[in-house]
Amino acid sequence: MAATLLAAPEEHASNPLIPHTYELVVGIFSFAVVFFVVGRMLIPRIQKTLAERTDAIEGGIKRAEEAQAEAQALQQQYAERLEEARRDAARLREEAREQAAQIKAELREEAQAEARRLVEAAHAQIEADRQAAFAQLRAEIGRLSTDLAGRIVGESLTDEVRQSRIVDRFLDELEAGSAQAVR
């Protein structure tokens with residue numbers, strides 16, 4: 001057994017899993033240097049770069065949210081203007097209908113007034129024609145009646161004043177008789 005105990009330290013020294021002391025010291029020293037370099041120089045730069053990227057991402061998100069809010073505001077303004085334009089168009093259509101109805105009524109009134117004027121003018125023309133025909137007929141009846149009376153009496157009734165008086169009296173009596181017959 002003693003031989004096994006003495007052999008154990010030699011085996012231990014040649015074990016590849018257990019490093020030698022100088023390797024352990026050099027490894028710890030190298031690790032400390034690398035840890036110091038990384039801790040003092042690289043980590044602040046990495047943290048600064050990460051902070052810049054975080055700010056850029058958050059700023060991009062914030063700008064995107066602001067742009068989206070602005071787009072929604074513009075869309076709301078567009079919808080309001082569109083609704084206002086629709087109301088204006090409806091109001092203009094209604095005004096146009098009212099104006100059309102008013103113009104139609106005015107034209108109808110003007111047409112009726114023109115028709116009344118034409119009817120009155122026609123009645124006046126008819127009355128004037130009737131009066132002219134009546135005067136012409138009266139003169140013709142007077143001439144015929146004096147010719148007839150002259151033939152019956154056998155004398156010429158050429159005195160114009162007397163002839164006119166006789167004819168007027170005769171026609172007045174004839175009109176008075178016909179007026180009484182109508183009543």
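Taking region 69-105 as the search range and keeping residues that are of a type in the set (Lys, Arg) and within 15 Å of the chain's Cα centre (by Cα), which one is least open to solvent (accessible area, probe 1.4 Å)? Spell out how you get there, then give the answer.
Taking region 69-105 first, the residues of a type in the set (Lys, Arg) are 81, 86-87, 91, 93, 97, 104.
Okay, now just the ones that are also within 15 Å of the chain's Cα centre (by Cα), so 81, 86-87, 91, 93, 97.
Values: Arg81: 165, Arg86: 139, Arg87: 132, Arg91: 114, Arg93: 129, Arg97: 143 Å².
Per the criteria, the residue is Arg91.
Among Ala133, Ala149, Ala122, Ala139, which is the only one that is part of a helix (DSSP H, G or I), modelled with pLDDT of 90 or more, among the aliphatic types (A, V, I, L, M) and out of contact with any Pro (no Cβ under 9 Å at 6 or more places or on another chain)?
Result: Ala122 is the single residue among Ala133, Ala149, Ala122, Ala139 that is part of a helix (DSSP H, G or I), modelled with pLDDT of 90 or more, among the aliphatic types (A, V, I, L, M) and out of contact with any Pro (no Cβ under 9 Å at 6 or more places or on another chain).
The values are calculated or read from the model by the stated rules, or taken from the named source; none is laboratory data. This is a predicted model, so every value here is computed, not measured. Cβ sites come from the backbone with ideal geometry, for glycine too, and all protein chains shown count toward neighbours. Note: accessible area is taken over every heavy atom of the protein model, side chains too, but ligands, DNA and RNA are not part of it. Shrake-Rupley method; radii C 1.70, N 1.55, O 1.52, S 1.80 Å.
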